[in-house]
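Engineer: What follows is a single structure, and I will ask about it in a moment.
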Amino acid sequence: MRRNFINRSKATILAFYKSLIRPHLEYCIQVWNPHLTKDIKLIEGVQRKATKLVHGIENWKYDDKLKLLGLTRLDKRRIRSDLVETFKILNGFYNINKGLVFDLDDGGRRGREKNYSKEDFV
C-alpha cells in the first residue's frame, strides 16, 4: 500500500482498508476465531500497520489512531459478531436446532421462556 498510494489521506486509507483488507480478516470469524495471544496480535498487527499509513498520525498511539479513524479493535469486533450470531440462533433467524448449540437451564426462574446455562456461552 505504501508504494502504490501517493495520497495517504485518512479517506483514501480508510476506504482501501475497509473494502480490501478488513473483509479478509473477518471472513467466517465465528468459525476460526483465534484464541492464542500470538494469533490475536498477528491479526491486530495488520490493522495496526494500516493505521500507520495515514499521513500525519504515523507516530500517534494505536488507540488514538483508532479513535480518530473511527475504527475499533478487531477483538471487540469479533465479540460483537459472536453476540450477533448468538442472537440470530436463539431467535430463529437460522434453521438450526438450538439444542445442538445451547442447553436449557432449569433454574426455576419465573417469567423467562428462554433460559440458557451460562457455561454454554464460554
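The values are calculated or read from the model by the stated rules, or taken from the named source; none is laboratory data. Keep in mind that what you see is a predicted model, and the values were worked out from it rather than measured. Because the Cβ atoms are built from the backbone with ideal geometry, glycine has one as well, and the counts that use them run over all protein chains shown.
Engineer: For the range 11-25, give me each residue that is surrounded by fewer than 16 Cβ atoms within 10 Å (Cβ to Cβ) and either among the basic types (Lys, Arg) or touching a Lys or Arg at 6+ places or on another chain (Cβ under 7 Å) (or both).
Structural biologist: 18
Engineer: Return the total of residues in the range 8-57 being under 14 Å from the mean Cα position of the chain (by Cα), outside any helix (DSSP H, G or I) and either at negative phi or among the hydroxyl-bearing types (Ser, Thr, Tyr) (or both).
Structural biologist: Residues that pass the stated criteria total 4.
Engineer: Residue by residue through the range 65-78, note down the ones that are in a helix (DSSP H, G or I), within 8 Å of the chain's Cα centre (by Cα), surrounded by 12 or more Cβ atoms within 10 Å (Cβ to Cβ) and of a type outside the set (Asp, Glu).
Structural biologist: Of everything in the range 65-78, those that are in a helix (DSSP H, G or I), within 8 Å of the chain's Cα centre (by Cα), surrounded by 12 or more Cβ atoms within 10 Å (Cβ to Cβ) and of a type outside the set (Asp, Glu) turn out to be 74, 77, 78.
Engineer: Checking the structure you have, find out if any residue of the range 100-117 is at pLDDT 75 or above and loosely packed, with under 10 Cβ neighbours inside 10 Å.
Structural biologist: Within the range 100-117 (the criterion being at pLDDT 75 or above and loosely packed, with under 10 Cβ neighbours inside 10 Å), the answer is yes, since at least one residue qualifies.
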